[in-house]
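The values are calculated or read from the model by the stated rules, or taken from the named source; none is laboratory data. On a predicted model such as this, the values are computed, not experimentally measured, just so you know. All Cβ positions, glycine included, derive from the backbone under ideal geometry; neighbour counts span all protein chains shown. Only protein heavy atoms, including side chains, enter the accessible area calculation; ligands, DNA and RNA are left aside. Shrake-Rupley method; radii C 1.70, N 1.55, O 1.52, S 1.80 Å.
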Amino acid sequence: MQTVPVLIVHGGAGRYPQAEHEDVLAGCEAAARRGWAVLHGGGSALDAVQAAVMALEDDPRFNAGTGSVLNARGRVEMDASIMEGSGFAAGAVGAVSTVRNPVQLARLILDQGETVLRVGPAAEAFAREQGLKAVDPDTHVTDRQRARWQDAHETVGCVALDDRGRLAAATSTGGVFGKPPGRVGDSALIGCGTYADERGAVSCTGRGEAIIRAGLALRALSCLSPAAGPRQAADQALRWLARHTGAEAGLILLDPRGESAVVHNAPHMAFCRIDGRGDGRVSRGL
Ligand code: ASP
C-alpha cells in the first residue's frame, strides 16, 4: 500500500516583525509547494526536502543562502545538512561562502558517500569538482542584512515522507548574526540540527550552541515511544533544552505514519505543512 505523502517546511524560530508575517508565510508555502511537486510526481522524500530548502535558500527573506546573516567580519558563512532515513545517508557542509545553495552541496556529499561533513574552502573546492559554479559571496548579502543590527533566527528546514514510506530531513542557515568567523552551528551537524531514521525526520532551529549540546534532533526522536507520539516527543526534547540551556529553539518532527509536530519556545516559528493527495491539503502558521 502506498503511504500518503507529507511535507513540512519551517522558516526559523525567532521574532518576526508583524509586517513580515504574511511574507514569511508566503515564502514557506511557496517552498513547501516546490517540495510537494516532487512528492506528488512520485519523487523521493530526499529530493523533496532538497527542492524545498533550495527554494528557501533562494528566497532573500530567509537566513539561508541568499539573505544569510553576516558574521563579525561582515561576511556570509553558511551551514547546511541533509539526511535520508531508510539508508542513514547523510551529507553536511559548514562555513561555506561561495556556493549558491549549501544544501545542494550537502546533497552531493551525501551522494558521494565517502564523508559526511566538509567545511570551508576545502568544501568549496569539492563543490567545484562536482560542477557547482562558484558564486561571489557578496551575492548572498542583501540590503536587509547589511542594514541589520540585531540577531536573527530565520534558519530554514524541511522534513518529508514520500509515497514509499521513506523519510528525509534538511536544514540550512547563515547562522547567527555577528558570529565569529569559522563558527559552525547545529545546522551542519547530523543529530543536532538535522536527523532522519526509521523512527522519524527532524529539522531544528534556534541557538545553535544549545542545540548542539542537547543533540536536539536525535534527542527528539529518542523521546518517541508507543506512549509518546511526535507532539509529546518534540515537547519533551524542547523542554529538556530549555531547562538545561535556557535557549530558544524550535523543531519540526515527522514520523512514518505521517504524524507530525511543530514546536518552539520562541515568539514565532513560521511553518507550512502539505499532506494528502493531488494538490495536497495546506496548513500554515507562525
Ligand atoms: N540554528 C542556527 C545556528 O545556530 C540559527 C537559527 O536556527 O536561527 O546556526
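The figures follow:
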| item | result |
| --- | --- |
| Dipole of the chain, positive end: most advanced residue of S187, G65, H244 [Cβ charges, Cα centre] | H244 |
| Of Q112, L161, S44, farthest towards positive along the dipole that unit charges on Lys, Arg, Asp, Glu beta carbons give the chain | L161 |
| For peptides 163-174, 262-273, sequence by mean Cβ density within 10 Å, most packed first | 163-174, 262-273 |
| The chain - Cys residues lacking any other Cys C-beta under 4.7 Å | C158, C192, C204, C223 |
| Pairwise label distance in nanometres, D111 with R243, each label 7 Å out on the Cα-Cβ vector | 4.4 nm |
| Gained length - A37 relative to A72, 0.36 nm times residue gap less alpha-carbon distance | 8.8 nm |
| Calculated diffusion of region 75-118, Stokes-Einstein form, Kirkwood radius summed over Cα pairs, 20 °C and 1.002 mPa s, µm²/s | 208 µm²/s |
| Charged-residue dipole, Cβ positions (Lys, Arg, Asp, Glu), the chain about Cα centre, Debye nearest 20 | 460 debye |
| Kirkwood estimate for region 1-138, i.e. one over the average of 1/r between Cα atoms, Å | 15.8 Å |
| Heavy-atom accessible area per residue - the chain, 1.4 Å, Å² | 39 Å² |
| For a label point 7 Å along the Cα-to-beta-carbon line of D136, residues of region 18-59 with backbone N under 20 Å | 58-59 |
| Helix runs (DSSP H) in the chain reaching 30 Å along axis by Cα, Kyte-Doolittle at least 1.6 | none |
| Overall form of the chain per C-alpha gyration tensor (a/c, 1.5; a/b vs b/c) | rounded |
| 5 angstrom amide H check on V119, placed H, neighbours 5+ away | G94 |
